[in-house]
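J.: Next up is a structure, given as C-alpha cells.
Values in this text are rule-based calculations from the coordinates and carry no lab data. What you see is a predicted model, and the numbers here were worked out from it, not measured in a lab. Counting neighbours? That spans all protein chains shown, and the Cβs are built from the backbone with ideal geometry, glycine included.
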Amino acid sequence: MPDVHISSCPLNCWDTCGLKVTVHDGKVIKVDGDERHPITRGKICGRGRMLEARTNSQERLLYPLKKVNGTFMRISWEQALDEIAEKMREIKEKYKTTAVLHSHDYANNGLLKNLDRRFFNCYGGVTELIGSICWGAGIEAQKWDFGNAYSHAPEDIYNSNNVVIWGRNVARTNMHLFGHLQSAKKQGTKLVVIDPIFNQTAQIADLYVSVAPGMDGFLAMGIMKELLRLGLEDRHFIETYTVGFEDLQNLLNQITMQEIEQLTGVAQEIMKELALIYGNRPTMTYLGLGMQRYANGGNTIRLIDAVGALSGNIGISGGGVNFGNLQVGQSFNIEALTLPERKTASRTFTMMKQAEGILQATDPNIKMVIVTCGNPLTQVPNTNLVKQAFQSVETVVVFEQFMTDTAEIADYVLPTTTVFEEEDFYYSSMYHAYVNYGPALVQAPGEAKPDLWIWTSLAERLGFADDFAFSREEFLKMGLDGLEKYGITLEKLKQEKHLLLPVHPVPWNDYRFQTPSGKYEFTSSFAEQKGMDGKLKIMYPAESKAGNKRLAEKYPYRLLTIHPLRSNHSQHYHLIKAMQSIKIEISQDIAVEKELSDGDMARLFNERGELIGKVKVLAKAHPKTINVDEGQWGKFGGSVNVLTPDGESDNGLGSTLYDCLVNIEKINP
Ligand SMILES: Nc1nc2c(c(=O)[nH]1)N[C@H]1C(S)=C(S)[C@@H](COP(=O)(O)OP(=O)(O)OC[C@H]3O[C@@H](n4cnc5c(=O)[nH]c(N)nc54)[C@H](O)[C@@H]3O)O[C@H]1N2
Ligand SMILES: Nc1nc2c(c(=O)[nH]1)N[C@H]1C(S)=C(S)[C@@H](COP(=O)(O)OP(=O)(O)OC[C@H]3O[C@@H](n4cnc5c(=O)[nH]c(N)nc54)[C@H](O)[C@@H]3O)O[C@H]1N2
Ligand code: SF4
Ligand SMILES: [Mo]
C-alpha cells in the first residue's frame, strides 16, 4: 500500500509549498499539494510535481567522479574526500584559506544548507560571495529606506482598496498570490499591473501599464509629482515619520511630466490615475525582482518605496511596499549554525563579479572553487567569462544532483541527495512566514549523500570533526533556538508539519523604522555611512539610449531574461523535452523592423556573446523589447547569460542582468 507523507517544496520560490508525497515500495511515486497548508491549500505548480521526476531520474549522479585527462572516472568517496581534503590542507599551509572560493546560490531552501558556511568558517574563512544576482539591489534599497526588507502577511491583501503588481510575474512565479489577486478582485479590490510585457497577471488587471524597461523610477517620480499636485500626499506621515522630504521635492522639481512621459512611455493621464490610486488608501504594492536587475535598480526600488511613503501607505493594514520578507529568515539562529566567529581570514567578491574576482585575485590567487546549491555556468551573467574563470582554476569541486554545465567543467563532482532523501525544514524570506518540515522519505540512489554528510566527512579529515559532531536533529534544534517562547519547537513542527513564525503581519505599524534616524529615510543615512550618496536621483539603465547612446545605436533592443514557467531556473529543463530549445520572444515593432515572424530562426548578439533560437512574436509588449527565458542548458542551445552583463547595481549588491542591449538578425535557412 502506498503511504502518503507531508513534506515541503525545497525550491527557491515565493511560495514554499506544503507537499503531499506518495511513497510506494521505497520510491516516491507522486507529489501533490498539501490541502492543510494555509498557503498551498492543495495546489502546487508543475515544478513542485516534477520533484518526483528529479528524484527518480535515470540521469541522477550516483557516484563521486574525478576528471582524469578530460574524462570523468568513477572513484570512491574515500578517495574523493581524501584528495579534496589534502588539497585544502595544502592550500591552508602554503597560501591562505582565502585561496578557496565558495560559489553558491539559493537552489534549496533547507535550513541545514546554511551549514556550508559553518564548514568554511571552521576551515579558517574562505573567499565568500556577497550581494545577490537575484534581489540584492532591492534588499539593499529597502534597508536604506526602512532599515529592513519586510512584507505584509499574504491575507492582508483583503484589507487593500487597490493592489499594484509592479514588475512581478505573479501568475508564473508566485501562484498563490495569483489566487489571492483573483479573490481580492472579486471583492472589489482594484488591480494594477505595471510591466513591459503583457503577461498572464496583466490579463486579469483593471489597469495595465506598459513601461519601458528600467524606467520605473521615472514612473514613480511622475506618480509622486501628481500626488503632490493633487494634494494627495500624507502630510502627517511625512512630517512625523520621515527624513529627507526636501531632497525628494528638489529631485521632483528637476524633471517635467513631459520628460517622464517620453522616458517611460506612460501617458500623463495614466500617471494621474496611478496617483489617485495611491491616494485612495490603503494601496498595497507588490514589487517584482525584474526591475531592480538594472544599473539603476536600487534607485528604482527606493523611488517606488517613496511613492508608498509619500502617499501614507506604510505601516497600515492593506498597504505596504512588499519586496522580500527578511523577517522570516531572521527568525532562526543562523549564527549558532554558521559560527562566524571561527573565521580568521576573509575576502569577498560580489556574486555578479565572481568571474572577474577569480581572474584578478592575487595574494592569494584562487586555487580551488567549491560550488554548492548553484549552477554558475548557466545562472551567473556573462557566461563566457564565468567559464573562462572557472576553467582557469586548478581544482573545481561541484556538489550536484545532475551533470549540469557547471558540473561538466569540474575536476570533482560529488553526488548529493534530493529533498525527499534527507530531513530538513524549509522556509523562504520572500512572501509568507510558514516554516515546513521535510522528513527523509526514501533512500538515496547509488552513493548520493546529503551535503551535510560531505561537510562532516571533510571536517573530520581537516581536524575540526567536533564542530560537525551533531545529528541533523541537533542542528535543526540549534536553528530553532530562541523560538521556544513562541511555542515553536522541532517536536511541534514534526507533528504539525508547518508552523507560522513570529513575524509582523503589518510591518512598521509602530512607525519605528530600523534606519539610523529611526524614521523612514527619503535620503539614506545608512548609505552615507557607507560613503555613498544617500539621495534619490535621476538615473538611467547603463545599457539604454539615455545611458549609452553609442551602444544603443549598435544594439537597439532591450533583452529581458525572465524566469521560465515550467522550470525553476535551470532545474527542470533536462526533464522536459518541450523546453529543450531556445525561444526568442520579440515585440511587434521588432518583427516589422527585422521582417521576422513566428518560427523564424534568428541570432541574438552583442559584444559579450550570441545565441540562436526560434522567434515568437509577443502579442503585446513594450516596443524594442525581447525576452529569452533564463536557465537553459548548454546542450539545449545554451544559457542566455552569454549575453547579459556582469555589472553591479548602483548600491553595489545587485545584478544588472536585464540592463542588456542586443541586436537581432534573421538566419536564412
Ligand atoms: N516558474 C518559476 N517561478 C519562480 C522561479 C522560476 O525560476 N520559475 N524563480 C523564483 C525566484 S528565485 C525568484 S527571484 C522569483 C522572481 O519572481 P518575479 O520577480 O516575478 O520574476 P522575474 O522573472 O524575476 O521578473 C519578472 C517580471 O519583471 C518584469 N520586468 C523586467 N524588467 C522590468 C522593468 O524594468 N520594469 C518592470 N515594471 N518590470 C520589469 C518582467 O517582464 C517580468 O514580468 O520567482 C521565483 N519563482
Ligand atoms: N539571465 C538571468 N539569469 C538569472 C536570473 C534571471 O532572471 N535571468 N535569475 C537569477 C536568480 S533570481 C537566481 S535566484 C539565480 C538562481 O541560480 P541557481 O541557484 O544557481 O540556479 P538553480 O538552477 O536553481 O540551481 C542550481 C543547482 O543547484 C542544484 N541543487 C539543488 N538542490 C541542491 C542541494 O540540495 N544541494 C546541492 N549541492 N545542489 C543542489 C541543482 O541541481 C541545480 O543544478 O539565477 C539568477 N540568474
Ligand atoms: S515551485 Fe513554488 S509554487 Fe511550485 S510547488 Fe514549489 S513552492 Fe509551490
Ligand atoms: Mo531568485
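J.: Stretched out fully, how many nm does the piece from Ala440 to Tyr486 gain, at 0.36 nm a residue minus the Cα gap?
T.: 13.9 nm
J.: A further question follows. For Val369, which sequence-distant residues (separation of 5 or more, or a different chain) have an amide H within less than 5 Å of its own amide H, given hydrogens modelled in the peptide plane?
T.: Amide H neighbours of Val369, under 5 Å, 5+ apart: Leu101, Thr395, Val396, Val397.
J.: Then there's this: From the phi of every residue in segment 311-320, what ³J(HN,Hα) in whole Hz does the Karplus formula 6.51 cos²θ - 1.76 cosθ + 1.60 yield, where θ is phi - 60° and glycine or proline is x?
T.: Taking θ as phi minus 60°, the curve returns 8, x, 9, 9, x, 10, 4, x, x, x Hz for segment 311-320.
J.: Mind running the shape call on segment 168-239? Use the C-alpha gyration tensor, a ≥ b ≥ c as the square roots of the eigenvalues: rounded below 1.5 for a/c, prolate if a/b tops b/c, oblate otherwise.
T.: Details: a/c = 2.46, a/b = 1.51, b/c = 1.64.
Verdict is oblate for segment 168-239.
J.: For the pair Ser597 and Thr348, what calculated FRET efficiency results from E = 1/(1 + (r/R0)^6), where r is the Cβ-Cβ distance and R0 = 35 Å, to the nearest 0.05?
T.: Details: r = 48 Å, r/R0 = 1.36.
That pair, Thr348 with Ser597, gives E of 0.15.
J.: Applying the Karplus parametrisation 6.51 cos²θ - 1.76 cosθ + 1.60 with θ = phi - 60° to the phi angles of segment 637-649, what ³J(HN,Hα) value in whole Hz is obtained for each residue in order, glycine and proline being reported as x?
T.: Result, rounded to whole Hz: x, x, 6, 5, 5, 4, 9, 7, x, 9, x, 9, 5.
J.: Also, I was wondering about something else. Mind putting a number on the dipole of segment 222-303 about its Cα centre? Charges go on the C-beta only, +1 for Lys and Arg and -1 for Asp and Glu, and I need it in Debye to the nearest 20. Intermediate values should be presented prior to the final figure.
T.: Details: 7 positive and 10 negative charges, 44 e Å.
It comes to approximately 220 debye.
J.: Same structure, new question: Select from Leu643, Ala578, Phe605 the residue farthest towards the positive end of the dipole of segment 549-666; place +1 on Cβ of Lys and Arg, -1 on Cβ of Asp and Glu, and compute about the Cα centre.
T.: Ala578
J.: For Glu128, what residues show an amide H to amide H distance below 5 Å, using hydrogens built from the backbone and excluding near sequence neighbours?
T.: Correct list: Arg347, Thr348, Phe349.
J.: What residues of segment 253-267 lie in the reach of a label at Lys549, counting those whose backbone N is under 17 Å from a point 7 Å from the Cα along Cα→Cβ?
T.: Inside the label zone: 263.
J.: Another one. So what is the 222 nm mean residue ellipticity for the chain from helices alone, if each DSSP H run of at least 4 adds -39500 (n - 2.57) and you divide by all residues, rounding to the nearest 500 deg cm²/dmol? Provide the component values of the computation, followed by the final result.
T.: Working: 24 runs with 201 residues, N = 669.
After summing the helix terms and dividing by the residues of the chain, the value is -8000 deg cm²/dmol.
J.: Helix 297-310 versus the longest principal axis of the chain: what is the Cα-based angle in degrees, 0 to 90, to the nearest 10?
T.: That works out to roughly 50 degrees.
J.: Give the order of Phe323, Phe464, Phe120 when sorted by the count of other beta carbons within 10 angstrom, beginning with the fewest. Can you show the working numbers first?
T.: On the way: Phe323 27, Phe464 19, Phe120 24.
Lowest count first: Phe464, Phe120, Phe323.
J.: Now a separate question. List Val398, Val617 from most exposed to least, where exposure is judged by having the fewest other Cβ atoms within 10 Å.
T.: Values: Val398 28, Val617 18.
The order, fewest Cβ neighbours first, is Val617, Val398.
J.: For Ser183 and Gln203, compute 0.36 nm times the residue count separating them, minus their Cα-Cα distance, and round to one decimal in nm. It would help to have the intermediate numbers written out before the result.
T.: Details: separation 20, 0.36 × 20 = 7.20 nm, distance 1.49 nm.
So the chain would gain 5.7 nm between Ser183 and Gln203.
J.: Could you please rank Cys17, Cys122, placing first whichever residue has the fewest other Cβ atoms within 10 Å of its Cβ? The partial results should precede the final answer.
T.: Numbers: Cys17 30, Cys122 21.
Going from sparsest to densest Cβ surroundings: Cys122, Cys17.
J.: ³J(HN,Hα) across segment 120-130 via Karplus (A = 6.51, B = -1.76, C = 1.60, θ = phi - 60°), whole Hz, x for Gly/Pro?
T.: 5, 5, 5, 5, x, x, 10, 6, 10, 9, 10
J.: If you don't mind, another one. Does segment 549-666 come out rounded, prolate or oblate by the C-alpha gyration tensor, with a ≥ b ≥ c the root eigenvalues, rounded set by a/c under 1.5 and, if not, prolate when a/b is larger than b/c and oblate if not? Could you put the intermediate results ahead of the total?
T.: On the way: a/c = 1.69, a/b = 1.05, b/c = 1.61.
Oblate, because a/c is 1.5 or more while a/b does not exceed b/c.
J.: For Ser151, what residues show an amide H to amide H distance below 5 Å, using hydrogens built from the backbone and excluding near sequence neighbours?
T.: Leu326, Gln327
J.: How big is the antiparallel share of DSSP beta bridges in segment 517-669, given as a percent to the nearest 5?
T.: Numbers: 14 of 21 bridges.
Of all bridge pairs located within segment 517-669, approximately 65 percent are antiparallel.
J.: Quote the charge dipole size of segment 549-666 about the Cα centre in Debye, to the nearest 20; the model charges only the Cβ of Lys and Arg (+1) and of Asp and Glu (-1).
T.: 320 debye
J.: Hey, another quick one. With charges set only on the Cβ (+1 for Lys and Arg, -1 for Asp and Glu), what does the dipole of segment 479-619 come to about its Cα centre, in debye to the nearest 20? Walk me through the intermediate numbers first.
T.: Values: 22 positive and 18 negative charges, 20 e Å.
Around 100 debye, computed over segment 479-619.
J.: Next question. Mind pulling the angle between the C-alpha long axis of helix 136-145 and the longest principal axis of the chain? Nearest 10 degrees, somewhere in 0 to 90.
T.: 50 degrees
J.: Something else now. Take each of the peptides 55-63, 517-525, average the number of other beta-carbon atoms within 10 Å over its residues, and list them starting from the highest. Present the calculation step by step, with values, prior to reporting the outcome.
T.: Details: 55-63: 16.0, 517-525: 21.6.
Those peptides, ordered most packed to least, come out 517-525, 55-63.
J.: If each residue of separation counts as 0.36 nm, what is the full-extension length gain between Asn114 and Met73 once their alpha-carbon separation is subtracted?
T.: Numbers: separation 41, 0.36 × 41 = 14.76 nm, distance 2.98 nm.
Value of the extension gain: 11.8 nm.
J.: Could you work out how far helix 77-94 tilts from the main Cα principal axis of the chain, as a 0 to 90 degree angle to the nearest 10?
T.: 70 degrees
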